[in-house]
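Report on the structure given below.
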Amino acid sequence: MREKRELNVAMLQQTNEPGQEVKAEMRQRRKRGLIRRLAAFGIMAVTCIAIMASTLVSQSIAINKKLEEKKQLETKLENLKEEEKDLKAEIIKLKDEEYITKLARKDYFLSDEGEVIFNIPGNEQ
């Protein structure tokens, strides 16, 4: 009976064959090469992402500065428009004879014939 059992057991192949060692070494080399390529690709991808992120941040900062400058210029434009409106009103007033006479009396102390102008301190109009 014992002999029958031994016959049913299959023989295992040993890995001492030269072809198998070469194949295993080739697989190991390919695996190392793949790991190196993937690592190089990963480093390049991370570098590209970092460059793009840096560019995005710097452009965002530049846009914010431009928007702030735009707000300041819009405020300045509004002030200049208001000043322009005031100056146009002043031009219209300067075309009026009565206004010019009043202005000359007030600022340059001009008077008509027979008039005497007294300047009283603290009584500004």
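The values are calculated or read from the model by the stated rules, or taken from the named source; none is laboratory data. Here the structure is a predicted model, which means the values were calculated and not measured. All Cβ positions, even for glycine, are placed from backbone atoms using ideal geometry, and neighbour counts span all protein chains on display.
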Exercise. Evaluate the stretch 14-36: report whether one residue or more is surrounded by 10 or more Cβ atoms within 10 Å (Cβ to Cβ), modelled with pLDDT under 95 and not in a helix (DSSP H, G or I).
Key: yes
Quiz prompt | Filtered residue count, the stretch 93-116, keeping only those that are among the β-branched types (Val, Ile, Thr) and surrounded by 10 or more Cβ atoms within 10 Å (Cβ to Cβ) | solution = 2
Self-check item: Condition met for Ser54 (modelled with pLDDT under 90, surrounded by 10 or more Cβ atoms within 10 Å (Cβ to Cβ) and out of contact with any helix residue (DSSP H, G or I) (no Cβ under 6 Å at 6 or more places or on another chain))
Solution: no
